[in-house]
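Notes for the one structure printed next.
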């Protein structure tokens, strides 16, 4: 069974015919590391499922400081949800950090699938709800936890990313400078 179908089956059951229809609406592409899939000002016309590799979404502020909002590795979804849903220009970059194979669903195909397989609306609603909960939890963590506590929580929540994502990207995700992150990590390792 394909990884994307396994992902869907966690929340809804598709018939073999529905699986075939779903897979017919997906495009598979390979991307090299450092590929930019989306840039600010562009309209997100698709969403991505990661079969292999690692991606990140991020923004750059006026001081040219990157802020990582999300990582996606094998079995995860990623996109600029504001732009995708509103069909307005987005604010995010989506970058491939490690060579990736992605399943891509266009907005048009996504809408067709909702009509043809109503169970998929439930599936994607659950994904959006889970994403909202995760982002709310992260916001609360950023307001109430120390940088060290945020890093420890990141390590527990995303153990596979620690070895595969650069320290500067992890530092950006937990909201510290790379220099502070390096000192903090050394201090943690000495304990």
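Please treat every number below as a calculation from the coordinates, not as lab data. Quick caveat: nothing in here was measured; it's all calculated off a predicted structure. Heads up, the Cβs are rebuilt from the backbone with ideal geometry, glycines too, and the neighbour counts pull from every protein chain shown.
Listed values, structure above:
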{"item": "Pairwise label distance in nanometres, residue 85 with residue 119, each label 7 Å out on the Cα-Cβ vector", "result": "2.5"}
{"item": "Sites residue 132 and residue 65 - FRET efficiency at Förster radius 25 Å, r taken between beta-carbons, to 0.05", "result": "0.45"}
{"item": "Residues residue 188 and residue 34, FRET efficiency given R0 of 41 Å [Cβ-Cβ distance, rounded to 0.05]", "result": "0.90"}
